[in-house]
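What follows is a set of notes on a single structure, which appears directly below.
The values are calculated or read from the model by the stated rules, or taken from the named source; none is laboratory data. Note that the structure is a prediction, hence the values are computed from the model and not measured. No Cβ is skipped: glycine too gets one built from the backbone with ideal geometry, and neighbour counts run over all protein chains shown. Surface accessibility is based on the protein's heavy atoms, side chains included, excluding ligands, DNA and RNA. Shrake-Rupley method; radii C 1.70, N 1.55, O 1.52, S 1.80 Å.
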Amino acid sequence: MAFGQFHFFNVTCMRMLSEIDRLPSGSTVATIGMFDGVHLGHVTLVDFLKQQATALGKQSLVITFLRHPRQVLHPDDTLKLIMPLEDRLAQIEALSPDLLLPLDFNADFSRQDSAQFIKLLHDRYGVDVLVAGYNHRFGHNRGETFEDYCRHGESLGVKVVKAPEYLGQYAPVSSTIIRGLIAAGRVVDAMHCMGRPFTLKGKVVHGFHNGRGLGFPTANVGEIDTNLLLPHNGAYAVLAHVAGQRLQGMTNIGRRPTLNNGTQLSIEVNLFDFDDDIYGEDITLEFISFLRLEFKMCGLDELKCQLTKDRENAKRLLNEYLTTKQ
(Lines give C-alpha, C1' and ligand atoms only; values in the text may rest on other atoms or scores of the structure.)
Protein backbone atom coordinates (compact mmCIF):
# COMPACT_ATOMS: atom_id res chain seq x y z
CA MET A 1 0.00 0.00 0.00
CA ALA A 2 1.47 3.34 -1.03
CA PHE A 3 0.93 6.20 1.38
CA GLY A 4 2.11 9.00 -0.90
CA GLN A 5 3.89 12.18 0.01
CA PHE A 6 2.85 14.32 2.94
CA HIS A 7 3.33 17.98 3.85
CA PHE A 8 5.28 18.96 6.94
CA PHE A 9 5.45 22.61 7.91
CA ASN A 10 7.93 24.83 9.68
CA VAL A 11 6.29 27.04 12.26
CA THR A 12 7.33 30.68 12.04
CA CYS A 13 6.52 33.59 14.31
CA MET A 14 2.81 34.28 14.03
CA ARG A 15 0.72 36.75 15.97
CA MET A 16 -2.58 35.57 17.43
CA LEU A 17 -5.19 38.32 17.41
CA SER A 18 -8.28 38.83 19.56
CA GLU A 19 -11.59 40.26 18.43
CA ILE A 20 -10.90 43.59 20.14
CA ASP A 21 -7.66 44.17 18.23
CA ARG A 22 -7.57 46.82 15.55
CA LEU A 23 -5.14 46.82 12.65
CA PRO A 24 -3.96 49.73 10.50
CA SER A 25 -6.06 50.53 7.47
CA GLY A 26 -5.00 48.66 4.35
CA SER A 27 -2.43 46.53 6.18
CA THR A 28 -3.73 43.00 5.59
CA VAL A 29 -4.76 40.45 3.00
CA ALA A 30 -7.23 38.05 4.62
CA THR A 31 -9.05 34.80 4.10
CA ILE A 32 -11.79 33.24 6.20
CA GLY A 33 -12.99 29.72 6.88
CA MET A 34 -13.68 27.11 9.52
CA PHE A 35 -10.55 25.13 8.51
CA ASP A 36 -11.78 21.95 10.19
CA GLY A 37 -9.19 19.27 9.48
CA VAL A 38 -6.76 21.84 7.99
CA HIS A 39 -6.52 19.76 4.81
CA LEU A 40 -4.52 20.14 1.61
CA GLY A 41 -7.17 22.43 0.12
CA HIS A 42 -6.57 24.75 3.08
CA VAL A 43 -2.83 24.53 2.44
CA THR A 44 -3.42 25.71 -1.14
CA LEU A 45 -5.61 28.56 0.13
CA VAL A 46 -3.13 29.81 2.75
CA ASP A 47 -0.19 29.51 0.35
CA PHE A 48 -2.07 31.67 -2.16
CA LEU A 49 -2.98 34.13 0.61
CA LYS A 50 0.67 34.51 1.60
CA GLN A 51 1.71 35.00 -2.03
CA GLN A 52 -0.84 37.78 -2.44
CA ALA A 53 0.21 39.46 0.80
CA THR A 54 3.92 39.30 -0.06
CA ALA A 55 3.33 40.74 -3.52
CA LEU A 56 1.47 43.70 -1.99
CA GLY A 57 3.81 44.19 0.97
CA LYS A 58 1.02 43.45 3.47
CA GLN A 59 0.46 40.93 6.25
CA SER A 60 -1.42 37.69 5.66
CA LEU A 61 -4.40 37.19 7.97
CA VAL A 62 -6.29 33.93 8.48
CA ILE A 63 -9.69 34.26 10.15
CA THR A 64 -11.37 31.21 11.64
CA PHE A 65 -14.22 30.55 14.06
CA LEU A 66 -14.14 29.30 17.65
CA ARG A 67 -17.32 27.33 16.98
CA HIS A 68 -18.65 25.79 13.80
CA PRO A 69 -21.51 27.90 12.38
CA ARG A 70 -23.73 24.82 12.12
CA GLN A 71 -23.37 24.20 15.84
CA VAL A 72 -24.65 27.73 16.53
CA LEU A 73 -27.39 27.96 13.90
CA HIS A 74 -28.59 24.37 14.35
CA PRO A 75 -27.79 23.32 17.94
CA ASP A 76 -29.57 19.98 17.43
CA ASP A 77 -27.32 19.18 14.47
CA THR A 78 -25.30 15.98 14.88
CA LEU A 79 -22.20 17.50 13.26
CA LYS A 80 -18.95 16.15 14.70
CA LEU A 81 -15.67 17.94 14.11
CA ILE A 82 -12.43 16.48 12.77
CA MET A 83 -10.21 18.16 15.35
CA PRO A 84 -10.46 20.21 18.55
CA LEU A 85 -9.94 23.98 18.48
CA GLU A 86 -6.41 23.92 19.91
CA ASP A 87 -5.24 21.47 17.23
CA ARG A 88 -6.92 23.47 14.48
CA LEU A 89 -5.21 26.67 15.58
CA ALA A 90 -1.86 24.88 15.85
CA GLN A 91 -2.19 23.43 12.35
CA ILE A 92 -3.11 26.83 10.90
CA GLU A 93 -0.13 28.33 12.68
CA ALA A 94 2.05 25.65 11.09
CA LEU A 95 1.06 27.06 7.68
CA SER A 96 2.87 30.27 8.74
CA PRO A 97 0.46 33.12 8.10
CA ASP A 98 1.48 36.42 9.69
CA LEU A 99 -1.72 36.77 11.71
CA LEU A 100 -4.45 34.45 12.98
CA LEU A 101 -7.81 35.69 14.25
CA PRO A 102 -10.29 33.29 15.92
CA LEU A 103 -13.76 34.86 15.93
CA ASP A 104 -16.68 33.80 18.10
CA PHE A 105 -19.46 32.82 15.71
CA ASN A 106 -22.64 33.54 17.70
CA ALA A 107 -26.26 34.34 16.90
CA ASP A 108 -25.60 38.08 16.48
CA PHE A 109 -22.61 37.44 14.25
CA SER A 110 -24.65 35.07 12.08
CA ARG A 111 -27.12 37.83 11.18
CA GLN A 112 -24.49 39.82 9.27
CA ASP A 113 -24.75 39.69 5.52
CA SER A 114 -21.64 39.45 3.37
CA ALA A 115 -21.44 43.21 2.79
CA GLN A 116 -21.57 43.90 6.55
CA PHE A 117 -18.91 41.29 7.17
CA ILE A 118 -16.58 42.69 4.51
CA LYS A 119 -17.05 46.14 6.03
CA LEU A 120 -16.12 44.77 9.47
CA LEU A 121 -12.94 43.24 8.06
CA HIS A 122 -12.03 46.47 6.29
CA ASP A 123 -12.78 48.84 9.16
CA ARG A 124 -11.45 46.84 12.13
CA TYR A 125 -8.81 44.50 10.75
CA GLY A 126 -7.28 46.55 7.94
CA VAL A 127 -8.37 44.21 5.15
CA ASP A 128 -8.28 45.68 1.67
CA VAL A 129 -7.84 42.34 -0.15
CA LEU A 130 -10.05 39.37 0.72
CA VAL A 131 -9.13 35.94 -0.64
CA ALA A 132 -12.24 33.80 -1.01
CA GLY A 133 -11.69 30.06 -0.79
CA TYR A 134 -12.71 28.04 -3.82
CA ASN A 135 -16.51 27.53 -3.61
CA HIS A 136 -16.57 29.14 -0.14
CA ARG A 137 -19.69 31.01 0.97
CA PHE A 138 -20.01 33.48 3.83
CA GLY A 139 -22.55 35.93 5.20
CA HIS A 140 -26.21 35.53 6.15
CA ASN A 141 -27.35 35.27 2.51
CA ARG A 142 -25.82 31.95 1.46
CA GLY A 143 -27.30 32.32 -2.00
CA GLU A 144 -24.88 35.07 -2.97
CA THR A 145 -22.18 34.39 -5.52
CA PHE A 146 -18.52 35.32 -5.80
CA GLU A 147 -19.59 38.14 -8.13
CA ASP A 148 -21.80 39.52 -5.34
CA TYR A 149 -18.82 39.51 -2.97
CA CYS A 150 -16.74 41.38 -5.55
CA ARG A 151 -19.49 43.97 -5.97
CA HIS A 152 -19.84 44.51 -2.21
CA GLY A 153 -16.09 44.70 -1.82
CA GLU A 154 -15.66 47.25 -4.58
CA SER A 155 -18.15 49.58 -2.90
CA LEU A 156 -16.24 49.24 0.40
CA GLY A 157 -12.70 49.53 -0.94
CA VAL A 158 -11.92 45.82 -0.63
CA LYS A 159 -10.70 43.77 -3.57
CA VAL A 160 -12.10 40.23 -3.49
CA VAL A 161 -10.09 37.56 -5.28
CA LYS A 162 -10.71 33.82 -5.63
CA ALA A 163 -8.11 31.30 -4.51
CA PRO A 164 -7.22 28.52 -6.94
CA GLU A 165 -8.85 25.14 -6.56
CA TYR A 166 -6.74 22.40 -4.99
CA LEU A 167 -5.88 20.04 -7.86
CA GLY A 168 -3.66 17.49 -6.13
CA GLN A 169 -3.76 13.75 -6.55
CA TYR A 170 -6.60 13.30 -4.07
CA ALA A 171 -8.82 16.20 -5.16
CA PRO A 172 -11.53 17.17 -4.57
CA VAL A 173 -10.90 17.83 -0.89
CA SER A 174 -13.24 19.35 1.69
CA SER A 175 -13.91 19.01 5.40
CA THR A 176 -17.26 17.39 4.57
CA ILE A 177 -15.59 14.77 2.37
CA ILE A 178 -13.00 14.03 5.08
CA ARG A 179 -15.68 13.63 7.75
CA GLY A 180 -17.41 11.09 5.52
CA LEU A 181 -14.18 9.17 4.97
CA ILE A 182 -13.37 9.00 8.69
CA ALA A 183 -16.93 8.00 9.59
CA ALA A 184 -16.62 5.15 7.07
CA GLY A 185 -13.29 4.00 8.52
CA ARG A 186 -11.35 5.11 5.43
CA VAL A 187 -8.54 6.65 7.46
CA VAL A 188 -5.90 6.19 4.75
CA ASP A 189 -7.99 8.23 2.29
CA ALA A 190 -8.59 10.85 4.98
CA MET A 191 -4.83 10.98 5.62
CA HIS A 192 -4.18 11.62 1.93
CA CYS A 193 -6.70 14.49 1.98
CA MET A 194 -5.28 16.10 5.11
CA GLY A 195 -1.59 15.40 4.50
CA ARG A 196 -1.29 13.75 7.92
CA PRO A 197 -3.14 11.09 9.93
CA PHE A 198 -6.45 11.68 11.65
CA THR A 199 -5.85 11.85 15.40
CA LEU A 200 -7.81 11.44 18.61
CA LYS A 201 -6.74 12.72 22.02
CA GLY A 202 -7.84 11.34 25.35
CA LYS A 203 -6.65 10.01 28.67
CA VAL A 204 -5.82 6.43 29.67
CA VAL A 205 -8.56 5.26 32.05
CA HIS A 206 -9.51 1.95 33.65
CA GLY A 207 -11.54 -0.44 31.52
CA PHE A 208 -12.68 -4.06 31.69
CA HIS A 209 -9.14 -5.54 31.86
CA ASN A 210 -10.05 -8.39 29.51
CA GLY A 211 -7.13 -8.02 27.13
CA ARG A 212 -4.35 -9.03 29.50
CA GLY A 213 -5.81 -12.51 29.98
CA LEU A 214 -5.74 -12.97 26.20
CA GLY A 215 -2.12 -11.86 25.94
CA PHE A 216 -3.13 -8.48 24.46
CA PRO A 217 -3.19 -5.94 27.31
CA THR A 218 -5.01 -2.78 26.33
CA ALA A 219 -5.16 0.82 27.48
CA ASN A 220 -8.68 2.15 27.59
CA VAL A 221 -8.88 5.63 26.08
CA GLY A 222 -11.44 7.95 27.69
CA GLU A 223 -12.22 11.63 28.20
CA ILE A 224 -12.48 12.22 24.43
CA ASP A 225 -14.25 15.43 23.44
CA THR A 226 -17.83 14.42 22.57
CA ASN A 227 -17.93 17.07 19.83
CA LEU A 228 -15.30 15.15 17.86
CA LEU A 229 -15.80 12.59 15.14
CA LEU A 230 -14.94 8.95 15.76
CA PRO A 231 -13.93 6.51 13.03
CA HIS A 232 -16.27 3.65 12.16
CA ASN A 233 -16.32 0.78 14.64
CA GLY A 234 -13.47 -1.60 13.93
CA ALA A 235 -9.77 -2.26 14.37
CA TYR A 236 -7.02 0.12 13.21
CA ALA A 237 -3.24 0.27 13.05
CA VAL A 238 -2.17 3.32 15.06
CA LEU A 239 0.77 5.27 16.34
CA ALA A 240 0.25 6.25 19.98
CA HIS A 241 1.91 9.22 21.67
CA VAL A 242 1.93 8.68 25.43
CA ALA A 243 4.31 9.32 28.33
CA GLY A 244 6.78 11.03 26.02
CA GLN A 245 7.01 8.07 23.64
CA ARG A 246 5.69 7.21 20.18
CA LEU A 247 4.58 3.58 20.13
CA GLN A 248 3.12 1.27 17.53
CA GLY A 249 -0.17 -0.38 18.31
CA MET A 250 -3.64 -1.38 17.24
CA THR A 251 -6.89 0.18 18.39
CA ASN A 252 -10.38 -1.23 18.55
CA ILE A 253 -13.41 1.04 18.51
CA GLY A 254 -16.63 -0.72 19.39
CA ARG A 255 -18.65 -2.63 21.94
CA ARG A 256 -16.61 -5.88 22.26
CA PRO A 257 -19.45 -8.24 21.28
CA THR A 258 -17.35 -11.39 21.77
CA LEU A 259 -16.69 -10.50 25.42
CA ASN A 260 -20.31 -9.51 26.18
CA ASN A 261 -19.26 -6.31 27.96
CA GLY A 262 -22.53 -4.52 27.27
CA THR A 263 -23.38 -1.81 24.79
CA GLN A 264 -21.04 0.96 25.93
CA LEU A 265 -18.69 2.14 23.19
CA SER A 266 -15.03 1.77 24.07
CA ILE A 267 -11.72 2.75 22.49
CA GLU A 268 -8.93 0.38 23.46
CA VAL A 269 -5.33 0.33 22.25
CA ASN A 270 -2.88 -2.55 22.45
CA LEU A 271 0.64 -1.10 22.44
CA PHE A 272 3.25 -3.39 20.92
CA ASP A 273 6.25 -4.39 23.04
CA PHE A 274 5.13 -2.12 25.88
CA ASP A 275 3.72 -2.91 29.30
CA ASP A 276 4.31 0.19 31.47
CA ASP A 277 1.64 1.59 33.78
CA ILE A 278 0.22 4.60 31.93
CA TYR A 279 -3.11 5.06 33.73
CA GLY A 280 -3.98 8.73 33.94
CA GLU A 281 -1.60 9.71 31.12
CA ASP A 282 -2.67 11.82 28.16
CA ILE A 283 -2.64 9.82 24.92
CA THR A 284 -2.90 10.76 21.25
CA LEU A 285 -3.73 8.16 18.62
CA GLU A 286 -2.76 8.61 14.97
CA PHE A 287 -4.94 6.39 12.78
CA ILE A 288 -2.70 4.96 10.07
CA SER A 289 -4.76 2.20 8.50
CA PHE A 290 -8.02 0.28 8.83
CA LEU A 291 -7.63 -3.39 9.74
CA ARG A 292 -11.12 -4.88 9.92
CA LEU A 293 -14.69 -4.36 11.08
CA GLU A 294 -15.72 -5.40 14.57
CA PHE A 295 -17.70 -8.64 14.64
CA LYS A 296 -18.76 -11.27 17.19
CA MET A 297 -16.56 -14.35 17.22
CA CYS A 298 -17.32 -17.86 18.41
CA GLY A 299 -15.19 -17.63 21.52
CA LEU A 300 -11.96 -16.52 23.15
CA ASP A 301 -9.76 -18.86 21.11
CA GLU A 302 -11.03 -17.40 17.84
CA LEU A 303 -10.68 -13.87 19.26
CA LYS A 304 -7.07 -14.51 20.30
CA CYS A 305 -6.28 -15.94 16.87
CA GLN A 306 -7.84 -12.89 15.17
CA LEU A 307 -5.96 -10.47 17.42
CA THR A 308 -2.70 -12.22 16.51
CA LYS A 309 -3.47 -11.72 12.81
CA ASP A 310 -4.45 -8.10 13.47
CA ARG A 311 -1.16 -7.44 15.23
CA GLU A 312 0.88 -8.91 12.39
CA ASN A 313 -1.05 -6.90 9.82
CA ALA A 314 -0.79 -3.70 11.88
CA LYS A 315 2.98 -4.06 12.29
CA ARG A 316 3.39 -4.53 8.55
CA LEU A 317 1.27 -1.48 7.70
CA LEU A 318 2.91 0.71 10.34
CA ASN A 319 6.41 -0.20 9.21
CA GLU A 320 5.41 0.55 5.61
CA TYR A 321 4.00 3.91 6.62
CA LEU A 322 7.04 4.84 8.69
CA THR A 323 9.33 3.89 5.82
CA THR A 324 7.59 6.41 3.55
CA LYS A 325 8.35 9.18 6.07
CA GLN A 326 12.10 8.56 6.25
Rounded to the nearest 10 Å², what accessible area does Glu268 have for a 1.4 Å probe in the complete protein model? 30
Most mobile of Gly133, Gly168, Gly185 per a Gaussian network model of the chain (Cα springs, under 10 Å)? Gly168
Sorted peptide list for 31-40, 150-159, criterion being average Cβ within 10 angstrom, highest first: 31-40, 150-159
On a full-extension model of 0.36 nm per residue, what is the gain between Asp225 and Arg151, subtracting their alpha-carbon distance, rounded to one decimal in nm? 22.5 nm
Hey, how many Å between the Cα centroid of the range 311-326 and the Cα centroid of the range 30-45? 29
Computed lengthening from Ala90 to Asp113, 0.36 nm per intervening residue step minus Cα-Cα distance: 5.4 nm
(i) 20.9; (ii) 21.6; (iii) 20.3: which one is Kirkwood radius over Cα pairs in Å as calculated from this entry? (ii)
DSSP beta bridge pairing in the chain, given as percent antiparallel to the nearest 5: 60
Compute the helix-to-body angle for 114-125: its Cα long axis versus the longest principal axis of the chain, expressed 0 to 90° and rounded to tens. 80
As a check on your grasp of the helix formula, calculate [θ] at 222 nm for the chain: sum -39500 (n - 2.57) over DSSP H runs of n ≥ 4, divide by the residue count, round to the nearest 500. -9500 deg cm²/dmol
Modelling each spin label as a point 7 Å along the Cα-to-Cβ direction, I'd like the Ala243/Asp277 distance in nm, to one decimal. 1.0
Please arrange Arg88, Arg124 by accessible surface area, largest first, computed with a 1.4 Å probe and ligands excluded. Arg124, Arg88
